[in-house]
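This report refers to the structure that appears directly beneath it.
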Amino acid sequence: DAGITQSPRHKVTETGTPVTLRCHQTENHRYMYWYRQDPGHGLRLIHYSYGVKDTDKGEVSDGYSVSRSKTEDFLLTLESATSSQTSVYFCAIKPRGEAGNTIYFGEGSWLTVV
Amino acid sequence: TQLLEQSPQFLSIQEGENLTVYCNSSSVFSSLQWYRQEPGEGPVLLVTVVTGGEVKKLKRLTFQFGDARKDSSLHITAAQPGDTGLYLCAGVKGSQGNLIFGKGTKLSVKP
C-alpha cells in the first residue's frame, strides 16, 4: 500500500467540461506524478511535482494542468475535456531513498469523456 | 520511437510452463524496474535492478539486468494462473529521474 488515494475512481463527463482528479498521499512524499495509460501507448507521464508549488511537464502535458498547494495533494485538471482524454489516470509517489527512482502507484481513476 | 521495447506483447501459456519476457533498449539505464498490473488496479512494483549483470529472485520469478544495462529479462518458472497480468518494465530518463515505461507484456496462464 503506497498510501495514495485517488478520487474520483470513476467519472463520466461531457466534452468541453472541466474535470479535476485528486491524488492524496499521507506520507509526506516530495515527488508526485500523474500518468495516463492507454492501449497501444502504455503509461505516459503527464505532469509531475517535486514540492509544493513546484511542478513540471511530462511527455503528454497538452490539455492538462496541475496544482500542488500542499504536500499531500496533487490535482490534475482537464480545463475542457476532449474524447482523446478518455483514459485511466494513475497518480504515483516516489519515496525518498528508494533505489533506482522507484515509484509507487495509486489504484487509478477511470475517466470517460462522451 | 519507443525507448523501452517489451516482447512478446502477448503470451498465453498453460499452468506449469516456463516463460521469459524481455525488455530491450538502445539506451543505457541506471536502473530498471518491473511492475505487474492486474485489471482494474494500479501497477505494483516487483523488483528494481541497479547493477549490470544483476540477478534477483522473487519466489518463481527471476529478474536479470543486462551487463551493459540496456536490457532486462523476467523469467517465470512453473507459471500459475495467479501470475496472469500485465508485466511492465520501466527505466529512468532525463535529469529529473522520471520513469518511462515499456508498453507491457500481457500474460495469461490457463489452468
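Put simply, chain A fits an ellipsoid with semi-axes of 23, 14, 13 Å; these come from the alpha carbon gyration tensor as the roots of five times its eigenvalues, largest first. A simple rule links phi to the HN-Hα coupling: the Karplus curve 6.51 cos²θ - 1.76 cosθ + 1.60 with θ = phi - 60°, which for the range B:16-23 gives x, 6, 9, 8, 9, 10, 10, 9 Hz, with x for Gly and Pro. What FRET efficiency, computed as 1/(1 + (r/R0)^6) with R0 = 22 Å and r the Cβ-Cβ distance, is obtained for A:TRP110 and A:THR15, rounded to the nearest 0.05? For R0 = 22 Å, the calculated efficiency reads 0.85. Cα convex hull, chain B: 96 Å³ per residue, rounded to a whole number.
Checking every one of the trypsin sites (Lys or Arg not before Pro) in the range B:42-81 against DSSP loop status and a limit of 13 other Cβ atoms within 10 Å picks out B:LYS59, B:ARG60. Rg then Dmax, both in Å and based on the Cα atoms of the protein assembly as shown: 17.6, 51. Computed on the range B:40-91, with alpha-carbon pairs under 8 angstrom and 6+ residues apart, the relative contact order is 23 percent. Set the bar at 22 Å for Cα to Cα. Now go through B:LYS59/B:LYS106; A:LYS94/B:LYS59; A:LYS57/A:LYS94; A:LYS94/B:LYS93 and name every pair that lies beyond it. The pairs that break the limit, which is 22 Å between Cα atoms, are A:LYS94/B:LYS59. Quick one: if the Förster radius is 45 Å, what FRET efficiency do A:ARG22 and B:SER27 give, using the C-beta to C-beta distance and rounding to 0.05? Result of the calculation: an efficiency of 0.85.
Per residue of A:56-65, other chain Cβ atoms within 10 Å of the residue Cβ number 1 on average.
Values in this text are rule-based calculations from the coordinates and carry no lab data. Everything numeric in this text was worked out from a predicted model, so none of it was measured. Every residue, glycine among them, receives a Cβ derived from its backbone with ideal geometry; neighbour counts consider all protein chains shown.
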